[in-house]
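Data first, discussion second: the structure below is written as structure tokens.
Where a number appears in this text, it was derived from the coordinates with a stated rule and is not lab data. Quick caveat: nothing in here was measured; it's all calculated off a predicted structure. Cβ atoms come from the backbone with ideal geometry, glycine included; neighbour counts cover every protein chain shown.
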Amino acid sequence: MPSHTVVVWDGGLDEDRVEGLEDYKAQRDPMPDDMEVQLDEIVTYLEANGIASVCDDGIEADDRIGQLAKRAEEEGYDVAIASSDKDFFQLINDRVKMLNPADKSGEPMDADAVEAKTGVRPHQIVDWLSLVGDAADNIPGVPGIGVKTAATLLNEFGSVDGIYERLVEVKRDKQRESLAIFESNVRRNQKLVALKFNLPMEPELDSLRKGFEDTNKLNKLYKKWGFKTSLTNFKKSNNKYK
């Protein structure tokens with residue numbers, strides 16, 4: 001069992017990213033009304049399970065997760081990030097792994113898994129996404145530079161800086177020309193993609209320690225929501241509830 005657990009919620013879009021790219025995440029549909037009304041109930045459920053929640057205005061969840069992961073790593077903890085978001089690939093190392101809920105294998109992603117999926121190492125992910133773009137965040141990449149081409153270039157030149165320092169060595173004319181034309185976009189993308197670690201209002205790690213389950217509250221919540229299977233399993237593990 002983990003010693004610390006936290007669910008991080010989006011507090012809105014980062015102002016610097018919106019200033020850098022007006023259409024940043026602009027393609028996303030607003031939250032459905034019937035989902036929004038469930039958020040307070042989810043937080044109540046997390047509290048009953050002894051799981052902390054964090055949400056701060058103007059701070060994107062990705063950035064806060066990155067900040068907390070780095071802090072925990074620095075203090076000697078092993079970290080597991082439960083997400084399918086490829087932005088977190090940049091955090092992965094010997095102490096920080098990623099658990100993709102959509103991956104039925106249940107195997108945590110390490111640096112080798114990142115390379116197998118993208119063709120680059122975790123420390124190159126920001127540059128890789130800066131070249132190919134990120135449709136999920138509405139960040140356009142360099143025309144003619146796909147995921148495999150970007151990986152090939154980064155493996156040859158090491159980084160975006162290496163590519164532009166030796167741009168004349170890029171073999172294909174169209175790729176070289178496109179990279180030259182869209183260099184300002186790539187540099188902008190690096191700032192958009194890189195997670196921010198220097199954020200205000202950072203929670204203390206001690207406040208994120210896994211707490212005790214409030215069995216009375218959980219029993220009431222399962223009844224309220226009509227979670228029959230959960231209620232049955234809950235009663236089996238807590239004999240006093242009939």
**OP:** Tell me what the chain gives for mean residue ellipticity at 222 nm when only DSSP H runs of n ≥ 4 count, each as -39,500 (n - 2.57), the sum divided by the residue total, rounded to 500 deg cm²/dmol.
**Re:** -12500 deg cm²/dmol
Subject >> Backbone HN-Hα couplings from phi across region 29-35 [Karplus 6.51/-1.76/1.60, Hz, Gly and Pro as x] >> reply: 6, x, 4, x, 4, 6, 8
Original post:
Taking the Cα centre of region 184-242 as the origin and placing charges on Cβ (Lys, Arg +1; Asp, Glu -1), which of Leu208, Ala194, Asn233 is farthest toward the positive end of the dipole?
Top reply: Asn233
Subject >> Gaussian network model of the chain, springs between alpha carbon atoms under 10 Å - residue of Gln38, Gln190, Gln124 with greatest fluctuation >> reply: Gln38
Original post:
For region 6-208, what class follows from the C-alpha gyration tensor (a ≥ b ≥ c being the square roots of its eigenvalues): rounded when a/c is under 1.5, otherwise prolate if a/b is larger than b/c, else oblate?
Top reply: prolate
Original post:
Lys171: which aspartates and glutamates have alpha carbons under 13 Å from its alpha carbon, excluding same-chain residues fewer than 8 sequence positions away?
Top reply: Glu156
Original post:
With each label point set 7 Å from Cα along the Cα-Cβ vector, what nm distance links Lys148 and Gln27?
Top reply: 2.2 nm
**OP:** With springs only between Cα atoms under 10 Å apart, run a GNM on the chain and tell me which of Phe212, Phe197, Phe227 wobbles the most.
**Re:** Phe227
Original post:
For region 164-187 and region 23-80, what is the separation of their C-alpha centers, rounded to whole Å?
Top reply: 37 Å
**OP:** Just rank Phe182, Phe88, fewest to most, by other beta-carbon atoms within 10 angstrom.
**Re:** Phe182, Phe88
Subject >> Cross-link pairs beyond the 24 Å C-alpha cut-off, checked among Lys104/Lys236; Lys25/Lys174; Lys86/Lys196 >> reply: Lys104/Lys236; Lys25/Lys174
**OP:** Kindly state, to the nearest 0.05, the FRET efficiency for Ser159 paired with Asp214, given R0 = 45 Å and r defined as their beta-carbon distance.
**Re:** 0.35
Original post:
Contour minus end-to-end for Glu73 and Asp40, with contour as 0.36 nm per residue of separation and end-to-end as the Cα-Cα distance?
Top reply: 8.9 nm
Subject >> Per-residue ³J(HN,Hα) for region 180-189, Karplus 6.51 cos²θ - 1.76 cosθ + 1.60, θ = phi - 60°, Hz, x for Gly and Pro >> reply: 5, 5, 9, 4, 4, 5, 4, 5, 5, 4
Original post:
With charges only on Cβ, +1 for K and R and -1 for D and E, what is the dipole size of region 6-208 about its Cα centre, in debye, rounded to 20?
Top reply: 1280 debye
